[in-house]
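For reference, the structure discussed in these notes is given below.
The values are calculated or read from the model by the stated rules, or taken from the named source; none is laboratory data. Just so it is clear, the model here is predicted, and its values are computed rather than measured. For neighbour counting, all protein chains shown are included, and Cβ atoms are generated from backbone atoms with ideal geometry for every residue, glycine included. SASA here: full protein model, heavy atoms, side chains in, ligands and nucleic acids out. Shrake-Rupley method; radii C 1.70, N 1.55, O 1.52, S 1.80 Å.
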Amino acid sequence: VDECKVFDPEVCKGGVCVNNIPGYACYCPSGFYYDTNQLECIDNNECDSEETCSGGQCVNTLGTFYCTCEPPLVLDDTQRNCVNASGLTE
């Protein structure tokens, strides 16, 4: 049975369903994970990791995230670390 044809989009909401023998696989976009209980792709909250934004605030968005810094700190070239004007990590 091709679950993707029979049950799609119910078994892989927000992703790409691929038929396997047996079963199926659901491939989600980058920044999302497949929830086997809800049968859909769910946004991965990158801000759950304490290492995401060193010295700053992490803001989760659909599929990705960004970092912010409190002045006088600014983001470095990686956009992941808050540094002072002389480039030293706070």
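When restricted to residues that are hydrophobic (A, V, I, L, M, F, W, C) and part of a loop (DSSP other than H, G, I, E, B), region 45-73 contains 4.
Condition first: out of contact with any strand residue (DSSP E or B) (no Cβ under 7 Å at 6 or more places or on another chain) and open to solvent by less than 100 Å² (accessible area, probe 1.4 Å). Now tell me which residues in region 12-21 satisfy that. Working first, answer last.
Within region 12-21, the subset out of contact with any strand residue (DSSP E or B) (no Cβ under 7 Å at 6 or more places or on another chain) is 19-21.
Across region 12-21, the qualifying residues are Asn19, Asn20.
Within region 23-44, restricting attention to residues that are in contact with a Phe, Trp or Tyr (Cβ under 8 Å, 6 or more places away or on another chain) and not in a strand (DSSP E or B), the residue that is nearest to Cys4 (Cα to Cα) is Cys28.
When only residues in region 22-63 that are on the phi > 0 side of the Ramachandran plot and of a type in the set (Gly, Ala, Ser) count, which is surrounded by the fewest Cβ atoms within 10 Å (Cβ to Cβ)? Explain how you work it out, then say what you get.
Within region 22-63, the first condition is being on the phi > 0 side of the Ramachandran plot, and the residues that meet it are 23, 31, 39, 55, 63.
Subset that is of a type in the set (Gly, Ala, Ser): 23, 31, 55, 63.
Details: Gly23: 10, Gly31: 16, Gly55: 17, Gly63: 14.
The qualifying residue surrounded by the fewest Cβ atoms within 10 Å (Cβ to Cβ) is Gly23.
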